[in-house]
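Below is one structure, written out as structure tokens; the observations come after it.
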Amino acid sequence: MFSTTVENDNALVLKFIKGDQSAIEILIQRHKSRVYTYIFLIVKNQALAEDIFQDTFIKVIRSLKTGKYTENGKFISWVLRISHNLIIDHFRKERLLNTFSNEDSDFDLFNSAKFSDENIEEKLVFEQITADIRRLIDELPDDQRQVIIMRHYLGLSFKEIAERTDVSINTALGRMRYALINLRKIIEKNNLLLTKI
């Protein structure tokens, strides 16, 4: 239990940026349980979770040192987004090994029998945005981003997603629906070209 005199995250971030190494150690200790649990929940592998956890804070430190942190007061959300991106990178590399076709220009991240039950509208969104997929997913709210990862990268059923995120199946389905709606809005906002079926 922290006392009222304990510095908030943003104050510690500023201290670290100014050269106080102990500040980052406090931040890591403060948030390590939440960050590790979040990673492990998705990757389901202790060794992999530990690797991604380490990579997360290496990237946090590098980003802070190079002035890439701009979200005052939202440190933990920023850290979780970094870990999320590293998780995506990991599964993206694994998926690419399995989906890369003979033609360099003809592959997609979701070309898998696991996803054959997806309807055409969902496939349209995901199959056409390979190059921008991580950036697009990063723009979603945390709960929507999580269901996208679990469904399309890990291939979990909505029942499994509901159990792992401690929500009802209807809530998990709703999050996916809103994630897809928001992805379409982001695609339109960025004028990304989608080939019509």
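If you go through the range 51-80 one residue at a time, how many are open to solvent by less than 40 Å² (accessible area, probe 1.4 Å), in contact with a Phe, Trp or Tyr (Cβ under 7 Å, 6 or more places away or on another chain) and not aromatic (Phe, Trp, Tyr)?
Of the residues in the range 51-80, 3 are open to solvent by less than 40 Å² (accessible area, probe 1.4 Å), in contact with a Phe, Trp or Tyr (Cβ under 7 Å, 6 or more places away or on another chain) and not aromatic (Phe, Trp, Tyr).
Determine the pairs where a residue that is farther than 17 Å from SER77 by Cβ, located within the range 53-66, has a partner that is among the hydrophobic types (A, V, I, L, M, F, W, C) and part of a helix (DSSP H, G or I) with Cβ atoms under 6 Å apart, the partner being 6 or more residues away or on another chain.
Short answer, once both residue conditions are applied: ASP55/LEU86.
For ASN45, are the conditions met, namely being open to solvent by 20 Å² or more (accessible area, probe 1.4 Å), closer than 22 Å to ARG164 by Cβ and modelled with pLDDT under 85? Break it down into steps so the answer makes sense when it comes.
Values: open to solvent by 20 Å² or more (accessible area, probe 1.4 Å): yes; closer than 22 Å to ARG164 by Cβ: yes; modelled with pLDDT under 85: yes.
Yes; evaluated as a whole, the condition is true for this residue.
Check VAL35, VAL6 and return the single one that is in contact with a Ser or Thr (Cβ under 8 Å, 6 or more places away or on another chain) and modelled with pLDDT under 90.
Working: VAL6 fails: in contact with a Ser or Thr (Cβ under 8 Å, 6 or more places away or on another chain).
Answer to the selection: VAL35.
Only one of these is in a loop (DSSP other than H, G, I, E, B), crowded, with 17+ Cβ neighbours inside 10 Å and modelled with pLDDT under 85: LEU156, LEU193, LEU136. Name it. Lay out the reasoning, then the answer.
Numbers: LEU193 fails: crowded, with 17+ Cβ neighbours inside 10 Å; LEU136 fails: in a loop (DSSP other than H, G, I, E, B).
Result of the check over LEU156, LEU193, LEU136: LEU156.
I need a count of the residues in the range 166-190 that are modelled with pLDDT under 85, part of a helix (DSSP H, G or I) and open to solvent by 30 Å² or more (accessible area, probe 1.4 Å).
Final tally of qualifying residues: 4.
Identify the single condition in (1) within 25 Å of ASN182 (Cβ to Cβ); (2) surrounded by fewer than 18 Cβ atoms within 10 Å (Cβ to Cβ); (3) modelled with pLDDT of 85 or more that SER83 does not satisfy, given that it satisfies every other one.
(2) is the only condition that SER83 fails.
The values are calculated or read from the model by the stated rules, or taken from the named source; none is laboratory data. Predicted model, so just to flag it, every value in this text is computed and none were measured. Methodologically, a virtual Cβ is constructed for each residue, glycine included, from the backbone with ideal geometry; neighbour enumeration extends over all protein chains shown. The area values use the complete protein model at the heavy-atom level, side chains included, leaving out ligands, DNA and RNA. Shrake-Rupley method; radii C 1.70, N 1.55, O 1.52, S 1.80 Å.
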